[in-house]
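The values are calculated or read from the model by the stated rules, or taken from the named source; none is laboratory data. For clarity, every value in this text was computed on a predicted model and none was experimentally measured. Note that each Cβ is placed from the backbone with ideal geometry, even for glycine, and that neighbours are counted across all protein chains shown.
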Amino acid sequence: MAHEILTVAQMYSVDRAAMQAGIPGSLLMERAGMAVAREAIILCGGRPRPVVILCGPGNNGGDGFVAARHLSAAGWRVRVGLLGDRVALRGDAAWAAECWTGCVDVASPDLLSGAGLVIDAMFGAGLNRPLEGQALALVQAMAQPGLPVLAVDVPSGIHGDNGVVLGAAPVADVTVSFFRPKPAHYLYPARGHVGRLVIADIGIPDTVLASIGPTIQTNDPTLWRAQFPRPAVTGHKYQRGHALILGGTVMTGAARLSARAALRLGAGLVTLACEPAAQLVYSLSMPSLIVQPITDAGGFSELLADPRRNAVLLGPGAGTGALLREAVLASLRAGKAGVLDADFFSSFAGALSTLRQAGLNDRWVLTPHEGEFARLFGPLTGSRLDRARHAAAESGAVVLLKGPDTVIAHPDGRVRVNHNAPPDLAIAGSGDVLSGLILALLAQGMDPFDAASTGAWLHGAAGQYCGRGLIAEDLPEAVPAVLKQNNL
Ligand SMILES: NC(=O)C1=CN([C@@H]2O[C@H](COP(=O)(O)OP(=O)(O)OC[C@H]3O[C@@H](n4cnc5c(N)ncnc54)[C@H](O)[C@@H]3O)[C@@H](O)[C@H]2O)[C@H](O)CC1
Ligand SMILES: [K+]
């Protein structure tokens, strides 16, 4: 299965490479339009409906003309509405329009009355400004209840790279795109407009990717399954890593959730260090947890001195006092791997250079949500993908930017977009479980970029497994079933 996501510019390069390899643009368009027609038939359960195809002035419109020809040949009643002048069509789009022998009306909202399906072929990769005028009116008209929409490439108004809605965009039932998906197919808000995504093969050979060098991927077990830690038959707990967590004194639930997740995902040992006042809460919560009372950062450093404690989690429920600050700096200096989360971001607001000097590097995973992200990195602009990538480059660490479309970025420029998280995961304590999952994988020696990707995916899968009504406590308990279900 292919995992590459291509930017709009990369997709144009792919088209050029395919054409240089001897595949004419008109053939690509023919296959693209055929795929659109095929998906329209599938969407309508094989029963013809009156279909309106809205064609724009570029090649997205060209795909629409091809689909019109195929649906008409299949016996469908097709009306084509064109935005702009037919004589202004160029290149492959002009060719596709010539091949369509039916009527071409001026695209207007009236065309949609009586339609059983609308195909949105107004703008795709070439969208370069917000929709206005007639295009905007058409998108608004497509929002009729009960009128299915099939979008070609992207719903018109969606920017292919950043997933931003420029002016307006229809909410499609199905979006048919070609060769590989674009960032907008996975990034919100665009993803809420895409519906079911179909990536059609239009005959572009995978070999063209060699010259493109894609850096964005969708997150999926095939990317990291081989690296997933499995216990050796003759192994013992000391070979499965020793995770160290700093637990807070007041908000003890957070670190307990992280610890529970780390234990469930196979960390050999989990030590939780806390002030004596909180020791009993932690000790009584989980018999398999080792609780170590410490009175100051010196006590935490003593725990770090044992090289078997190889992965550290700092932040969940830890408060914003000196203990967390000093524990973070000591852990970085000690050259451990680890996860920095939650209160870490308030404690080090705007202090990236201090962290880098202390040794922050790609053995560490930062797991901010949007608000925490801004605290450490400031108000960066661009898509979540761009911002996570920029933050990873700036910090030297793996950055996992949490959200419904969690993005995981490596400082070398690689990015993965996670897409299996249900909205049920937006609950208190959910992030603490995620950081515990990643911690367990780091303790077992997994590469931090893969550990972050795996943690995000397992977290999403556990959310799906528990379903509606889940609370954070359910997520670690779902881990064994999710591992079994996915043969991990
Ligand atoms: N391999 C492939 O991916 C293939 C893709 N195909 C299709 O081609 C389009 C991209 O075509 P392109 O001509 O470059 O761009 P568009 O058709 O999206 O639009 C360009 C056209 O629209 C004008 N424009 C842009 N934004 C606006 C706006 N907001 N309002 C009004 N007009 C606007 C712009 O000036 C141009 O005139 C891709 O999406 C696929 O659908 C091919 O079929 C081949 C294979
Ligand atoms: K479109």
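Hey, could you check the stretch 14-30 for residues that are in a helix (DSSP H, G or I) and not aliphatic (A, V, I, L, M) and say which is farthest from ligand 2 (Cβ to nearest atom)?
Gln20
Of the residues in the stretch 36-89, how many are under 32 Å from the mean Cα position of the chain (by Cα), outside any helix (DSSP H, G or I) and more than 21 Å from Ala135 (Cα to Cα)?
2
Would you be able to say whether some residue in the stretch 73-83 is closer than 23 Å to Asp110 by Cα and among the aromatic types (Phe, Trp, Tyr)?
Yes: one or more hits.
For residues in the stretch 162-179 being surrounded by fewer than 23 Cβ atoms within 10 Å (Cβ to Cβ) and in contact (Cβ under 8 Å) with a residue 60 or more places away in the chain, which is nearest to ligand 1 (Cβ to nearest atom)?
The selected residue is Val164.
Quick check on my filter: what residues within the stretch 181-196 are part of a loop (DSSP other than H, G, I, E, B) and under 17 Å from His3 (Cα atoms)?
Pro181, Lys182, Tyr186, Leu187
Every residue in the stretch 409-434 that is touching a helix residue (DSSP H, G or I) at 6+ places or on another chain (Cβ under 6 Å), farther than 14 Å from Ser453 by Cα and among the charged types (D, E, K, R), please.
Residues satisfying the conditions are Asp424, Asp432.
Gly126 versus (1) buried (at least 23 other Cβ atoms within 10 Å of the Cβ); (2) within 11 Å of ligand 2 (Cβ to nearest atom): which is the lone unmet condition?
Of everything listed in (1) buried (at least 23 other Cβ atoms within 10 Å of the Cβ); (2) within 11 Å of ligand 2 (Cβ to nearest atom), Gly126 misses just condition (1).
This table checks each residue for (1) more than 13 Å from ligand 2 (Cβ to nearest atom); (2) under 24 Å from Leu71 (Cα atoms).
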site: Val87; (1), (2): yes, yes
site: Ile119; (1), (2): no, yes
site: Val174; (1), (2): no, yes
site: Pro183; (1), (2): yes, no
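Evaluate the following for Ala261: is it part of a helix (DSSP H, G or I) and modelled with pLDDT of 95 or more?
Against the criterion (part of a helix (DSSP H, G or I) and modelled with pLDDT of 95 or more), Ala261 qualifies.
In contact with a helix residue (DSSP H, G or I) (Cβ under 9 Å, 6 or more places away or on another chain), part of a helix (DSSP H, G or I) and more than 10 Å from ligand 1 (Cβ to nearest atom), is that true of Ala141?
Yes; evaluated as a whole, the condition is true for this residue.
Among (1) within 25 Å of Asp306 (Cα to Cα); (2) crowded, with 24+ Cβ neighbours inside 10 Å; (3) over 14 Å from the mean Cα position of the chain (by Cα), where does Met446 come up short?
Only one criterion is unmet by Met446, namely (2).
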